[in-house]
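This report refers to the structure that appears directly beneath it.
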Amino acid sequence: MLDSVTPSTLLSNTMVCDPLMSWTEIFGTTEDDYPTCDHQTVRDKACMRAGGISSQECHSHGRTNLQSSHLWEFVRDLLLSPEENSGILEWEDRGQGIFRVVKSEALAKMWGQRKKNDRMTYEKLSRALRYYYKTGILERVDRRLVYKFGKNAHGWQENKI
C-alpha cells in the first residue's frame, strides 16, 4: 500500500523550485510587491503568510514606515515620524515610553484609512489599545489619553532600534 504513495501524492499543492529560479518565476511577482514585516514574536509565521519567504529575507529589523498591520506598531511609527504625525501624538516621557494622544479623532481617522474602515472612531481604537495591556505591549497610565509602551513592545526606544 505504501509503495503507491509518492511525494507528489502527499504534497499535491507543493511545487519544487530550482534554486536558481528568480522570485518572479517562483511567485509570479516581484519582491517589492510584498510588504516587509517587523514582527518580533511571530516572525516566521508572518513571513510564511507573506509568501513563504525566509525570515532573513523578510525582516527589516527596524521601523516599518507606517505600513504596520498592528495598531500599536502604527502608533509607534507615528511617534517616531514627526513629519507624518501632524501633532496627533506626542511623547510625554520618551525615556519611559509614555505618550499622549493629542488629536484622538484624527488618529482614529488615520487608522481607519489604513485599515480601510471609514467608520473607525476613537472609542473603538482606544478599546483596541486597551487589549494590549494583557499582552504587555502597552501598560496602563492613569491619565486620560495617555499610554505607555510595555516590556513586549519593541522599536520605540532611541538606543534600541
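Read the figures in this text as sums done on the coordinates, not as results from a lab. It should be emphasised that the depicted structure is a prediction, and the values quoted were computed from it without experimental measurement. Heads up, the Cβs are rebuilt from the backbone with ideal geometry, glycines too, and the neighbour counts pull from every protein chain shown.
Working ranking of peptides 127-138, 71-82 by packing, defined as the average number of other Cβ atoms within 10 Å per residue, highest first, is 71-82, 127-138. Counting only the Cα atoms, segment 93-161 fills a convex hull of 100 Å³ per residue. Multiplying the residue separation of Gln96 and Ala128 by 0.36 nm and removing their Cα-Cα distance gives an extension gain of 9.4 nm.
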